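First up is the structure itself, then whatever we jot down about it.
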Amino acid sequence: MAISQDAHTVKQFDIQLANFRNLVLEMGGLVEDQIKHAVQALDDEDITASREVISRDQIINGLHVKADEDCVSLIALRQPLGSDLRLIMSLSKIVTDLERIGDEAEKIARMTVKTYDAASSPPSAKLLRDVAPMARLASKMLHGCLDALARLDVEKAVEVAQGDDELDQEFQSALRRLITYMMEDPRNIGHAINVIFIIKALERIGDHSKNIAEYIIYLVKGKDVRHVGMDTLVQDALAQ
Amino acid sequence: MSTTAIATDLGLKPAATAATASRSVSSVEVTDYDNRQTVGKIVVDNAKMICRGVNVYYGEKQAIKNVSLDIGANEVIAFIGPSGCGKSTFLRCLNRMNDTITTCRVTGQIKLDDDDVYDKSIDVVQLRARVGMVFQKPNPFPKSIYENVAYGPRIHGMVNTKAELDDLVRDSLERAGLIKEVEKRLNEPGTSLSGGQQQRLCIARAIAVHPEVILMDEPCSALDPIATAKIEELIDELRENYTIVIVTHSMQQAARVSQRTAYFHLGDLIEIGETDQIFTNPKHKLTEDYITGRFG
């Protein structure tokens, strides 16, 4: 049974559910901005902007706590069932992944500070060449799953989940290139390690986005598609 | 949907077929959302009661429309649905409680093991000993606690001596989880007990005649949460020896006590499934709307 869009007899329940969903979407929007700013600050070698990203993570943490409170209160007071229960459980898991994505953005910002605040010379451009394309892919995945959540769009969620492979492959090839640079010149090692942390953070954002996409599929279709392999995921998600 | 259609779905020949619906029929998976065809698997492997094409009419009005459903041995099955959906009517068909209503007419077939419940040769009193009932409001006889439980076994001639009867009464009260509270006051009136105790006394009375199936019609709706919890715990224990069919308005209660849940709506059996599935991922929109509180 797909999720019902009809109103509840108890209007207050609809209001609370809508508030909870909006809170999660708001948190998603902030997290998206955090990634954008963290990656931009890295590109601009802007330490001040990076520090702002780091401090803004507190706002996201606050929303995470607020979302958990809302979730507990909805369960305690409304005893949700059916699609309401799936919505609440999925949202509560989605906020955990969003909070972690926020942490990854913070990590990127910290690495930027570490890289450009040091007395040593800045890293050469070639070390950072994989960051921008990976950031584009990760942001696209996150944007896609927030979009899918806002519209309860299973096809979009499937698309996001499928996108994770490409990001993983990008990460692997980036890693190989960085290893080559480190072997070529050991003076690259310090910076390369920082870059590895950055691309690892981007790769993790992809994983969290995929998790969110899976929760959306569960929420709409009632099928748990975690740990089932991509073929089954697509099949279950798109089954009528 | 016609009886023929159901019979065909069950892989049986139409006409006279409902009568031969056997336990060998398995896994009927119906997933038609639009018409009022039951969604879910109506057949179980170890059926205690088999209902096929059951219709109930109160005069001209049809209260149950072509309901087919198996009730498995040693399962707790819950019937849920809005008021007037026919769940109590259907429950009362199972031990012919509807016989007492003159305008009520039942067609189709209901079998208890291999016996046709509505066969002319069936002794209704015996049937109700096999399929006992617990009602919404506790209704102990205006007799002592002891006599409330002893009455059934005595009229059914189940015991020969006073000692045997004593044992049976004690055993029934024990299984109903009431013995500790009443063993020193067996001669006091049943009505002197609290509501929750009275309801457990009624359960003790029902199980004293060794029924095979116990029907419960909103057994906790007049009880407080503590007494309700005791009854629910009792239902779970009784499941070992009995098959239990419970009608409840509390979805949380259905979720807590039953293994399968059936959703009725305006006389139709809309959906039947594992309780877990019904409450997390119902397949029919009417079920979904009911359990999520979306009925306007």
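Rank by packing, highest mean first: peptides A:197-210, B:181-194, A:132-145, with packing defined as the count of other Cβ atoms within 10 Å averaged across residues.
A:197-210, A:132-145, B:181-194
Specify whether the C-alpha gyration tensor of region A:56-154 places it in the rounded, prolate or oblate class, a ≥ b ≥ c being the square roots of the eigenvalues: rounded for a/c under 1.5, otherwise prolate if a/b is larger than b/c and oblate if not.
Note, shape of region A:56-154 comes out oblate.
So, R0 is 25 Å and r is the distance between the beta-carbons of residue B:158 and residue B:135; what FRET efficiency does that work out to, to 0.05?
0.65
Report the residue, chosen from B:83, B:250, B:121, that carries the largest GNM mean-square fluctuation when chain B is represented by alpha-carbon nodes joined by springs under 10 Å.
For chain B, modelled as a Gaussian network with Cα springs under 10 Å, the answer is B:121.
To the nearest 20 Debye, how big is the dipole of region B:3-291 about its Cα centre, given +1 on the beta carbon of each Lys and Arg and -1 on that of each Asp and Glu?
With Lys and Arg at +1 and Asp and Glu at -1, about 660 debye.
When B:111, B:41 are ordered from fewest to most other Cβ atoms inside 10 Å of their Cβ, what list results?
Starting with the residue having the fewest Cβ neighbours, the order is B:41, B:111.
Angle, helix B:162-175 long axis vs. longest principal axis of chain B, Cα atoms, 0 to 90°, nearest 10?
Roughly 50 degrees between the two axes.
Quote the Stokes-Einstein diffusion coefficient, in whole µm² s⁻¹, for region B:51-182, based on the Kirkwood radius over alpha carbon pairs, a temperature of 25 °C and a viscosity of 0.890 mPa s.
Here the translational diffusion coefficient equals 144 µm²/s.
Could you tell me how many degrees, from 0 to 90 and to the nearest 10, lie between the Cα long axis of helix B:145-155 and the main elongation axis, the longest principal axis, of the Cα atoms of chain B?
60
Where does helix B:225-238 land angle-wise versus the long Cα axis of chain B, in degrees 0 to 90, nearest 10?
It is inclined by approximately 80 degrees.
Over the protein assembly as shown, what portion of Cα pair distances is larger than 36 Å, expressed as a whole percent?
I get 50 percent for the Cα pairs in the protein assembly as shown exceeding 36 Å.
Provide the descending list of Cα extents for region B:141-238 along its principal axes, expressed in whole angstroms.
Here the Cα extents, ordered largest to smallest, are 39, 29, 21 Å.
For q values of 0.08, 0.13, 0.17 Å⁻¹, compute log₁₀ I(q)/I(0) with the Debye formula on a Cα-only model of region B:3-291, without solvent.
-0.34, -0.88, -1.39
Rounded to the nearest 5, what % of the DSSP beta bridges within the protein assembly as shown are antiparallel ones?
The antiparallel proportion sits near 60 percent.
Net charge within 11 Å of residue B:127 by Cβ-Cβ distance, Lys/Arg positive one each and Asp/Glu negative one each, not counting residue B:127 itself?
Counting the neighbours of residue B:127, the net charge comes to -3.
What FRET efficiency do you get for residue B:101 and residue B:250 if R0 is 30 Å and r is their Cβ-Cβ distance, rounded to the nearest 0.05?
E(calc), rounded to 0.05, equals 0.70.
Quote the charge dipole size of the protein assembly as shown about the Cα centre in Debye, to the nearest 20; the model charges only the Cβ of Lys and Arg (+1) and of Asp and Glu (-1).
1420
Rounded to the nearest 20 Debye, what is the dipole magnitude of region B:60-155 about its Cα centre when Lys and Arg each give +1 and Asp and Glu each give -1 at the C-beta?
440
Quick check: net charge around residue A:134, other residues with Cβ under 9 Å of its Cβ, Lys/Arg +1 and Asp/Glu -1?
Charge balance in the 9 Å sphere: -2.
Apply 1/(1 + (r/R0)^6) to the Cβ-Cβ distance of residue A:10 and residue A:184, taking R0 = 45 Å, and write down the FRET efficiency to the nearest 0.05.
0.10
If packing is taken as the average count of other Cβ atoms within 10 Å, what order do B:156-163, B:98-105 fall into, highest mean first?
Output ranking for B:156-163, B:98-105: B:98-105, B:156-163.
Please report Rg (one decimal) and Dmax (integer) in Å for the Cα set of region A:170-214.
Rg then Dmax for region A:170-214, in Å: 12.9, 42.
Would you compute, from DSSP H runs of 4+ residues alone, the mean residue ellipticity of chain B at 222 nm, taking -39500 (n - 2.57) per run and dividing by the full residue count, rounded to the nearest 500?
Only helices count here, giving -9500 deg cm²/dmol.
When the convex hull of the C-alpha atoms of region A:11-238 is computed, what volume per residue in Å³ does it have?
In region A:11-238, the Cα convex hull volume per residue is 108 Å³.
Given the rule -39500 (n - 2.57) for each run of at least 4 DSSP H residues, summed and divided by the residues of chain A, what is its mean residue ellipticity at 222 nm, to the nearest 500 deg cm²/dmol?
Computed ellipticity for chain A at 222 nm equals -29500 deg cm²/dmol.
Every read-out reported here was derived from the displayed coordinates using simple, explicitly stated rules and does not represent laboratory data. Since this is a predicted model, take the numbers as computed values, not measurements. So basically every Cβ, Gly included, is an ideal-geometry build from the backbone, and we count neighbours across all protein chains shown.
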